[in-house]
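Engineer: After the structure tokens below, expect a handful of questions from me.
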């Protein structure tokens with residue numbers, strides 16, 4: 001795993017990405033990338049700079065999943081767009 005610009009950034013088994021846009025202008029700001037081989041989330045901005053997000057207190061999604069339908073589950077945690085950080089997991093449904 002290595003942060004960096006363009007091809008100097010190293011990812012291991014990237015598996016899915018999500019676009020980040022400015023909520024007011026809808027301008028493309030970059031991509032969140034699930035770097036599954038390194039068990040982390042990376043962010044690639046529109047200039048090609050890749051950084052690893054700091055995620056604290058995030059439980060394994062398999063422990064916080066709910067509403068599973070056909071093998072697809074919705075995770076019970078919140079993402080703070082302004083700070084690029086994932087918040088504490090919500091309580092599991094009983």
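Rule-based calculations on the coordinates, nothing more; no lab input. Just so you know, these numbers come straight off a predicted model, no measurement behind them. Using ideal geometry, Cβ is built from the backbone for each residue, glycine included, and neighbour counts are taken over all protein chains shown.
Engineer: Which semi-axes, in whole Å and largest first, does the equivalent ellipsoid of the stretch 1-53 have when worked out from the alpha carbon gyration tensor as the square roots of 5 times its eigenvalues? Don't jump to the answer; show the numbers that get you there.
Structural biologist: On the way: eigenvalues 82, 31, 10 Å².
Working from the Cα gyration tensor, I get semi-axes of 20, 12, 7 Å.
Engineer: Within 10 Å of each residue's Cβ, count the other Cβ atoms and sort 25, 8 from fewest upward. Please list the in-between numbers first.
Structural biologist: Values: 25 8, 8 11.
Placing the least packed residue first, the sequence is 25, 8.
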